Amino acid sequence: MTALADILKRQIAKTGPLTLAEYMSACLLHPDHGYYTNQNAFGADGDFTTAPEISQMFGELIGLSLAQTWMDQGSADAICLVELGPGRGTLMADILRATAQVPGFHQSKQVHLVEASSQMQAKQAKALLGHRPTWHSTVETLPEDQPIFVVANEFFDALPIRQFQRGAHGWREVMVGLDAGGALQFGLSDAAPLDALEHRLDDTEVGALVETRAQAATVVEALAQRMASNGGAALIIDYGGWRSDGDSFQAVRAHKPVGPLETPGAADLTAHVDFEPLATTARAQGCAASQITQQGVFLERLGITARARGLAKGLSGDQLESHIAAHRRLTHPDEMGSLFKVMGVYPDTESPPPGLDP
Ligand code: SAH
C-alpha cells in the first residue's frame with residue numbers, strides 16, 4: 001500500500017473511475033508521490049536498466065549519427081541538441097563525449113533537456129557539468145528558430161496511454177475504479193463513442209484491445225514543426241511496433257514485473273510505443289519518417305561491432321566479459337535487439353539519419 005494509492009482511492013470514491021492516462025500520469029509524475037519524482041529508478045540498483053546505462057557504445061553511436069546528419073544538412077553554426085526524458089543524463093554525456101571530435105559541432109550546439117521531474121533534472125545537472133544545459137518541462141518551449149537534433153530513448157513509453165476494448169456495440173474504455181472492498185481494480189466504461197478509433201475497425205475484431213497515446217502525437221508535432229522550418233532530425237528509440245495491438249500496459253519494480261495497480265507511485269509504468277501515429281503526425285507537418293528499424297540492426301549499421309572490438313582491447317577478465325554481454329544485450333534479437341525500434345523524423349527534403357531507411 002502506498003501513500004498515492006490512498007489519494008487515488010479517495011479521488012475515485014469522490015469523482016469516479018480514472019482513465020489509464022490519468023492513473024499513469026499520477027503514478028509517474030505526481031508532485032509528491034510520483035515515481036519519477038521520488039524513486040532511484042535507473043541502473044543496477046534501480047528498477048530498470050536502459051540502453052545507455054548498459055554501455056557507453058549506445059550513446060556514442062547515437063551522437064555520431066546525429067553529428068553526421070548535422071554535417072549532411074550543411075553544418076549550421078547554431079543548433080539545439082535536444083534530449084527528451086534524459087534520465088540520469090548518461091546518454092547525453094556519451095553523445096557529448098563522442099562528438100567532441102567532430103570539428104565545429106560542439107561550438108555550434110546548445111544542449112536542451114526536456115524533463116518533467118525536478119529531481120531528475122538535478123541528476124542530469126551533475127552528469128552534464130560544464131555543458132550548461134537548458135531545461136524544459138515540455139517540448140513546447142524549445143527554441144523555434146534553430147535546427148533541432150533530438151534523441152528520445154525510452155521517453156515515449158512513459159507517456160500516458162488510454163486503452164479501448166472493442167465490443168459488439170462499439171468501443172469501451174478501460175478504467176481504474178474500486179472493487180467492493182475499496183481496492184483499485186480495472187473496469188470498462190459503459191460506452192466510449194470514439195471517432196479516433198474508427199480507422200482500427202478494419203483490422204480489429206470484437207474483443208480486441210487498442211491503446212492510444214495522445215501526448216505522443218503532440219510531442220512529435222512540436223518537433224516536426226521546428227524541423228520542417230529550420231532543419232534537424234529526431235531519433236526515437238523505444239520498444240513497440242508499428243501499430244498498437246493488445247494490452248501492453250506494464251509495471252516494473254526492482255527489475256521484476258508487478259501488477260500495474262499494486263504499488264502506485266512505487267513502480268515504473270510503461271506501455272509499448274506504436275510508431276504509426278508518430279509517423280503520420282510527422283508527415284502532416286512536412287517531415288518525413290523513416291521506416292522503423294530494429295535497434296540491433298541500427299546499431300550494427302552504425303558500426304557497434306567495430307567499436308566493441310576497439311573497446312575490448314583495453315579490457316580483460318570480468319570487465320571484458322561484461323563488455324561482451326553488453327554488446328549482446330543491446331543488439332541480439334533475444335535481448336533488446338529486435339523488441340526496440342528506431343524511427344527517424346527529418347525534413348522531407350533531406351535524407352534519413354545514418355542507420356535508417358527512408
Ligand atoms: N532516456 C533515459 C531515461 C528514460 S526514463 C535513458 O535512456 O536512460 C524516462 C525519462 O523521461 C525520465 O527522465 C522521466 O523523468 C522523464 N519523463 C517521463 N514523463 C515525462 C514527461 N511527460 N515529460 C517530460 N519528461 C518525462
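Among residues that are more than 9 Å from the ligand (Cβ to nearest atom) and within 17 Å of the chain's Cα centre (by Cα), Val150 is included. Among the residues making up segment 211-243, those that are in contact with a His (Cβ under 8 Å, 6 or more places away or on another chain) and either small (Gly, Ala, Ser) or part of a loop (DSSP other than H, G, I, E, B) (or both) are Gly240, Gly241.
Having 1 or more residues that are surrounded by fewer than 19 Cβ atoms within 10 Å (Cβ to Cβ) is the bar; report the strands (runs of 3 or more DSSP E) wholly within segment 244-314 that clear it. Walk me through how you get there before you give the answer.
Details: elements: 250-253, 256-258, 268-270, 287-289.
Hits in segment 244-314: 250-253, 256-258.
Of the residues Val252, Val273, the single one that is at pLDDT below 95 and in contact with a strand residue (DSSP E or B) (Cβ under 6 Å, 6 or more places away or on another chain) is Val252.
Among all residues of segment 73-80, there is at least one that is touching a helix residue (DSSP H, G or I) at 6+ places or on another chain (Cβ under 6 Å) and either buried (at least 17 other Cβ atoms within 10 Å of the Cβ) or part of a helix (DSSP H, G or I) (or both). The single condition among (1) closer than 23 Å to Thr134 by Cα; (2) in a helix (DSSP H, G or I); (3) of a type in the set (A, V, I, L, M, F, W, C) that Ile12 does not meet is (1). When you check Arg88 against the structure, is it at pLDDT below 95, within 14 Å of the ligand (Cβ to nearest atom) and either in contact with a Lys or Arg (Cβ under 7 Å, 6 or more places away or on another chain) or not aromatic (Phe, Trp, Tyr) (or both), yes or no? When the stated conditions are applied, Arg88 passes them. Contact map, segment 6-35: residues that are closer than 19 Å to Phe249 by Cα paired with residues that are acidic (Asp, Glu), Cβ distance under 8 Å, separation 6+ or inter-chain. Pairs shown: Thr19/Glu173; Leu28/Asp268; Tyr35/Asp268. When you check Ala233 against the structure, is it buried (at least 21 other Cβ atoms within 10 Å of the Cβ), in contact (Cβ under 8 Å) with a residue 24 or more places away in the chain and not polar (S, T, N, Q), yes or no? For Ala233, the condition - buried (at least 21 other Cβ atoms within 10 Å of the Cβ), in contact (Cβ under 8 Å) with a residue 24 or more places away in the chain and not polar (S, T, N, Q) - is met. In the set (1) more than 10 Å from the ligand (Cβ to nearest atom); (2) in a loop (DSSP other than H, G, I, E, B); (3) surrounded by 24 or more Cβ atoms within 10 Å (Cβ to Cβ); (4) of a type outside the set (Gly, Ala, Ser), the condition left unmet by Trp70 is number (2). The numbered conditions (1) farther than 30 Å from Leu339 by Cβ; (2) in contact with a strand residue (DSSP E or B) (Cβ under 9 Å, 6 or more places away or on another chain); (3) within 15 Å of the ligand (Cβ to nearest atom) are all true for Ser189 except (3).
The conditions of being buried (at least 16 other Cβ atoms within 10 Å of the Cβ) and under 18 Å from the mean Cα position of the chain (by Cα) are not met by Val176.
Identify the residue in segment 105-147 that is at pLDDT 95 or above, among the small types (Gly, Ala, Ser) and within 14 Å of the ligand (Cβ to nearest atom) and, among all such residues, is surrounded by the most Cβ atoms within 10 Å (Cβ to Cβ). Checked segment 105-147; the qualifying residue surrounded by the most Cβ atoms within 10 Å (Cβ to Cβ) is Ala127.
Within segment 33-40, does at least one residue satisfy the condition of being buried (at least 22 other Cβ atoms within 10 Å of the Cβ) and either within 14 Å of the ligand (Cβ to nearest atom) or over 22 Å from Ala234 (Cα atoms) (or both)? Checked segment 33-40: at least one residue is buried (at least 22 other Cβ atoms within 10 Å of the Cβ) and either within 14 Å of the ligand (Cβ to nearest atom) or over 22 Å from Ala234 (Cα atoms) (or both). Of all the numbered requirements in (1) within 16 Å of the ligand (Cβ to nearest atom); (2) in contact with a strand residue (DSSP E or B) (Cβ under 9 Å, 6 or more places away or on another chain); (3) not in a loop (DSSP other than H, G, I, E, B), Pro160 misses one, and that requirement is (3).
The values are calculated or read from the model by the stated rules, or taken from the named source; none is laboratory data. On a predicted model such as this, the values are computed, not experimentally measured, just so you know. Note that we place each Cβ from the backbone using ideal geometry, even for glycine, and neighbour counts take in every protein chain shown.
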